[in-house]
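Here is the structure we will look at.
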Amino acid sequence: MPFATHRGHKIHYTVEGRGPLVVLQHGLFMDADSWRANGLLAALADRFTVACIDSLGHGLSDKPADPALYAQDQRAGDIVAVLDALGAEKAHLVGYSMGGWMAVGVAKYYPQRLASLTIGGWDLAGGVPKGPAGPIRFDIFWGFSQQVAPALVSWVTPEVLPAMQACFEALNVLDGAAQAVLGAGVPVLLWDGTADPYHAPSQAFAAANDLPFLSTPGDHLQAILSPQAEVVARLGEFFAEA
């Protein structure tokens, strides 16, 4: 069971397949196995070496409560620590939702480690949708998540909840995201479900900056829990073009 170590904490990952390295980084409340459950891992592993990372606070990775450990530069460093453990100079990085925010961090702090960048389920410019009073509080978000996706959050115990809050609150840091992605010097693909609140702003950002945009059926969760065959096809094409 492989682990990388970064700033004294263990980051768990899995590796399957053979070929150019693709790293898949999941969203909040998910884990490395989510990519197996939704079929993307198996679909990509016949052509690529696919590494799936358990984000800090998730899966088999450590779950510290210190909010400082969940800052974007720290989380980007977790991904790079896995690349180092694999002896890989670069990787095609795919991040979804929170994983998209983490992927932005790699573009910001470690662009030289990227072969390409795919960001799904994330608004580069706006981040998490705001409420009438500003950023959504974690307690409101947590209650909503328990109502709409109880199976997804059933593993979160009271002991783990502070780590989830730290993950969520860090997502409000967006400084330099657009510039980092556009200036990373690698091909960039944006992807969102048509019913995802992130779809319209991401599509507009892609159009304004001449980036490819993958639009697939479903809302924020459906797009990643049940990805369409066109997602795998487009990702494979994108990696090959890159």
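The values are calculated or read from the model by the stated rules, or taken from the named source; none is laboratory data. Bear in mind the structure is a predicted one, so any value in this text is a computation, not a measurement. All Cβ positions, glycine included, derive from the backbone under ideal geometry; neighbour counts span all protein chains shown. The area values use the complete protein model at the heavy-atom level, side chains included, leaving out ligands, DNA and RNA. Shrake-Rupley method; radii C 1.70, N 1.55, O 1.52, S 1.80 Å.
If each residue of separation counts as 0.36 nm, what is the full-extension length gain between ALA240 and LEU161 once their alpha-carbon separation is subtracted?
So the chain would gain 24.5 nm between ALA240 and LEU161.
In whole Hz, with x marking every Gly and Pro, tabulate ³J(HN,Hα) for the stretch 5-16 from phi via Karplus 6.51 cos²θ - 1.76 cosθ + 1.60, θ = phi - 60°.
10, 9, 6, x, 10, 8, 10, 7, 8, 10, 9, 9
What's the extension gain from GLU89 to PHE3 if we count 0.36 nm per residue and subtract their Cα-Cα distance?
29.2 nm
Ignoring any ligand, DNA or RNA, what whole percent of the accessible area of the stretch 118-237 comes from carbon and sulfur when the probe is 1.4 angstrom?
That fraction is 59 percent.
Report the antiparallel proportion of the DSSP beta bridges in the stretch 3-241 as a percent, rounded to a multiple of 5.
Around 30 percent antiparallel, to the nearest 5.
Could you tell me the accessible area of MET30 in Å² (1.4 Å probe, neighbours in place), rounded to the nearest ten?
Counting only protein heavy atoms, the figure is 20 Å².
Roughly how many Å is it from the Cα centre of the stretch 96-131 to that of the stretch 1-61, as a whole number?
About 16 Å separates the Cα centre of the stretch 96-131 from the one of the stretch 1-61.
What are the aspartates and glutamates whose alpha-carbon lies under 12 Å from the alpha-carbon of LYS63, with same-chain residues fewer than 8 places away excluded?
ASP54, GLU159
Enumerate the lysines that LYS108 could reach by cross-link, defined here as Cα to Cα under 22 Å, with residues fewer than 8 away along the same chain left out.
Cα-Cα hits under 22 Å: LYS90.
Assign unit charges at the C-beta atoms only (+1 for Lys and Arg, -1 for Asp and Glu), then state the dipole size of the stretch 3-241 relative to its Cα centre in Debye, rounded to the nearest 20.
Result for the stretch 3-241 is approximately 200 debye, rounded to the nearest 20.
Report the paramagnetic label zone for VAL173: residues of the stretch 39-74 whose backbone N is under 14 Å from a point 7 Å from Cα along the Cα-to-Cβ axis.
Inside the label zone: 66-74.
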